[in-house]
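Written below as structure tokens is the structure these notes are about.
The values are calculated or read from the model by the stated rules, or taken from the named source; none is laboratory data. Because the structure is predicted, anything quoted here is derived from the model rather than measured. Note: ideal-geometry Cβ built from the backbone for every residue, glycine included; neighbour counts use all protein chains shown. Heads up: the accessible areas ignore ligands, DNA and RNA and are worked out on the full protein's heavy atoms, side chains in. Shrake-Rupley method; radii C 1.70, N 1.55, O 1.52, S 1.80 Å.
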Amino acid sequence: MTTRPDKPLTDADRAIYEWQMWVSSFGEEGQRRLKNASVFISRVGGVGGMVAYELAAAGVGRLVLAHAGNVRPDDLNRQLLMTHDWIGRPRMDLAPRRLRELNPSLDVLPVPENVTEANIERLVGEADLVVNCAPVFSERLLMNREVVRQGKPLVDCAMYELEGQLTTVVPGRTPCLACLYPSEPPTWQRRFPVFGAVAGMVGCLGAMEAIKVLAGLGEPLLGQMLTFDLRDMTFRKAAIRRRPDCAVCGQH
Ligand SMILES: [Zn+2]
């Protein structure tokens with residue numbers, strides 16, 4: 001965890017977050033943990049934009065957002081943080097403003113870059129928890145390697161057509177993403193068919209996982225992969241096994 005001065009809840013916080021502070025095993029302590037948390041979200045598209053919006057709504061104190069490039073027309077079926085008037089302009093110029101419309105107290109660090117070998121150590125170092133929403137598999141594996149190196153929890157979110165999948169990695173306690181995928185799956189596609197509602201669903205689930213891990217609430221998907229198919233509303237959880245010879249988290 002990064003060391004920052006602990007901020008207590010104010011009466012204004014209590015007024016906004018009252019309904020979620022009624023959640024059992026969350027309360028004032030859970031809210032205080034969110035307020036003092038920093039979350040790094042890699043790519044703020046259909047999934048990551050929803051993660052960011054829900055975490056801003058829940059009162060997470062600080063978000064670090066990384067996503068290069070400008071808004072395109074074909075982003076708008078799912079990237080709900082973006083708006084039609086922003087087509088052709090940088091996503092990272094709009095995302096902080098949209099999030100602060102919802103939560104003016106939010107501290108946002110917008111980074112107009114995608115994760116690379118050059119910036120990942122610094123970006124993961126900014127956060128207590130990372131949410132991986134990049135559609136590029138090499139970025140997911142890079143992120144996995146860095147969170148294991150820095151010992152930080154990772155919520156990994158993915159989608160395809162009407163399907164989504166999520167898992168949470170806590171280094172030292174769970175298998176990592178490379179235990180499941182030692183290399184990029186040959187079928188992985190950078191551009192793929194998807195509805196915005198599927199992206200939003202994965203993003204809401206990812207945000208809830210992040211809240212649970214930060215607040216010590218409920219049972220996160222530790223060592224488990226949740227997969228769902230909204231075509232027939234099937235939800236399944238399957239155990240992920242740790243590979244003793246994993247190149248990232250194994251003994252070597
Ligand atoms: Zn591993």
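Could you pull the accessible area for Arg98 with a 1.4 Å probe, rounded to 10 Å²?
50 Å²
List the extent of the Cα atoms of region 73-219 along each of their three principal axes, largest first, rounded to whole Å.
The principal-axis extents, from largest down, are 45, 38, 35 Å.
Among Met201, Met225, what's the order by accessible area (1.4 angstrom probe), most exposed first?
Heavy-atom accessible area, descending, gives Met201, Met225.
Looking only at Cα atoms, what is the convex hull volume of region 168-214 per residue, in Å³?
Expressed per residue, the convex hull around the Cα atoms of region 168-214 is 92 Å³.
Any chance you could run the full-extension gain for Ile87 through Asp107? It's 0.36 nm times the residue separation minus the Cα-Cα distance, nm to one decimal.
Fully extending the segment from Ile87 to Asp107 adds 4.7 nm.
Which percent of the accessible area of region 114-199 is formed by carbon and sulfur heavy atoms (probe 1.4 angstrom)?
Of the solvent-accessible surface of region 114-199, carbon and sulfur hold 53 percent.
Output wanted: per-residue J couplings in Hz (rounded whole) for region 234-247, from phi through Karplus 6.51 cos²θ - 1.76 cosθ + 1.60, θ = phi - 60°, x for Gly and Pro.
Calculated HN-Hα couplings, in order: 8, 10, 9, 10, 10, 6, 9, 9, 6, 9, x, 9, 4, 5 Hz.
On a straight-distance basis, which aspartates and glutamates could pair with Lys237 in a cross-link, Cα separation under 15 angstrom, same-chain partners fewer than 8 positions away excluded?
Partners within reach: Asp156, Glu163, Glu209, Glu219, Asp229.
Calculate the translational D of the chain in whole µm² s⁻¹ from Stokes-Einstein, where the hydrodynamic radius comes from the Kirkwood formula applied to all Cα pairs, the temperature is 10 °C and the viscosity 1.306 mPa s.
Taking Rh from Cα pairs, D becomes 87 µm²/s.
Given a 1.4 Å probe, how much area per residue of the chain is accessible, in Å²?
Here the per-residue accessible area is 48 Å².
For Trp86, Trp22, Trp188, write out the residues from largest to smallest accessible area, computed with a 1.4 angstrom probe and no ligands counted. Don't skip to the answer; put the middle values down first.
Numbers: Trp86 25, Trp22 160, Trp188 70 Å².
So the residues, ranked largest to smallest area, are Trp22, Trp188, Trp86.
Order Leu166, Leu109, Leu230 by their accessible area, 1.4 angstrom probe, all chains in place, largest first.
Leu109, Leu230, Leu166
Could you tell me how far the Cα centroid of region 59-102 sits from the Cα centroid of region 110-179, in Å?
After rounding, the separation between the Cα centres reads 20 Å.
Starting from the Cα of Ala12, step 7 Å toward the Cβ, then list every residue of region 29-46 with an amide N under 19 Å from that point.
Once the point is set 7 Å along Cα→Cβ of Ala12, 31-37 turn out to lie under 19 Å by backbone N, inside region 29-46.
What FRET efficiency comes out for the pair Arg243/Glu28, r = Cβ-Cβ distance, R0 = 41 Å, nearest 0.05?
In this case the efficiency is close to 0.50.
For the chain, modelled as a GNM with alpha-carbon contacts under 10 angstrom, which of Val64, Val202, Val47 fluctuates the most?
Val64
Rounded to a whole number, what % of the accessible area of region 1-43 do carbon and sulfur atoms account for, probe 1.4 Å?
Whole-percent figure for carbon plus sulfur exposure: 59.
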